[in-house]
1. Placing +1 at every Lys and Arg Cβ and -1 at every Asp and Glu Cβ, with all other atoms neutral, what dipole size does the chain have around its Cα centre, in debye to the nearest 20?
2. What nm distance separates the two modelled labels at PHE192 and LYS83, each placed 7 Å from Cα along Cα→Cβ?
3. Given R₀ = 35 Å, what would the calculated FRET efficiency be for GLU140 paired with MET60, taking r from the Cβ atoms and rounding to 0.05?
4. Before anything else, pin down the relative contact order of segment 132-230: Cα pairs under 8 Å, at least 6 apart, normalised by residue count, whole percent.
5. For ARG3 and LYS182 in one chain, what is 0.36 nm times their gap in residues minus the Cα-Cα distance, to one decimal in nm?
6. With point charges of +1 on the Cβ of Lys and Arg and -1 on the Cβ of Asp and Glu, referenced to the Cα centre of the chain, which listed residue (ILE69, VAL48, ILE203) lies farthest in the positive direction of the dipole?
7. In nanometres, what is the gap between the two model label sites at ARG119 and ARG215, each 7 Å from Cα along Cα-to-Cβ?
8. Could you tell me which of the pairs LYS122/LYS151; LYS103/LYS189; LYS103/LYS221; LYS83/LYS122; LYS68/LYS229 are separated by over 32 angstrom between their Cα atoms in the structure shown?
Amino acid sequence: MTRETILIVDDEKEIRDLIGIYLENEGYKVLKCMNGLEALDYLQKEEVDLIVLDIMMPRMDGMEACMKIREEKSMPIIMLSAKTEDMDKILGLTSGADDYVTKPFNPLELIARIKSQLRRYKKFTNKLVVQDENIIEIDELLINTSTHEVKVGDREVKLTPIEFSILELLARNKGIVFSIEKIYERVWKEEFFKSDNTVMVHIRKLREKIEEDSRKPKYIKTVWGVGYKVESL
């Protein structure tokens, strides 16, 4: 069985080594580097399944690195930061991250989040023979749940695993309104906390990618005071 490869990007050697020890004990292959430029270089040479990416780093910080990675790659990215403000979390998720963990963190919690992201990613990148039930079409929006491909007309749209999971959930249940709480629990498989605005950030990014005008969404509709839905067009 091929070991999954995790890239740890952090300018603090102690953090890299700590996370690396826990990951290696779980059987993962670990790569380490200390800034965003080194991470981009690694990704040109190595197949990486998930990235643990610190925000505050010299030369190229995690935000910029994440945005550059997302231009070509869709593997899960978990942000690390000593900042705890909601706006910092929103910026991290907006730049393309799938999850956000604040320092100091419990290494066991981080490992659990890594495993969760990898399970989700493997589910949607499993290359199967495409059957009819793997294709969801809504007007010009086409979702292939087998190959994790999304197109709007002739334009291919690159989504993160979380964005894809949200879109698939809503598209498979056209006309049904999902609350923020239900979306979080169905996609993240975790208990929802009222102060968490993670879902709204991902919905906004998803709209920016698939909607012609994200301010007047065609596919993902807001039902004020209730939640979100995808309508049949």
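1. 480 debye
2. Rounded to a tenth, the inter-label distance reads 2.7 nm.
3. 0.45
4. 25 percent
5. Taking ARG3 through LYS182 to full extension adds about 61.1 nm, to one decimal.
6. The residue sitting farthest along the positive end of the dipole is ILE203.
7. 4.1 nm
8. LYS103/LYS221
All of the numbers you see were taken from the coordinates with simple rules; none came from a lab. Here the structure is a predicted model, which means the values were calculated and not measured. Note that each Cβ is placed from the backbone with ideal geometry, even for glycine, and that neighbours are counted across all protein chains shown.
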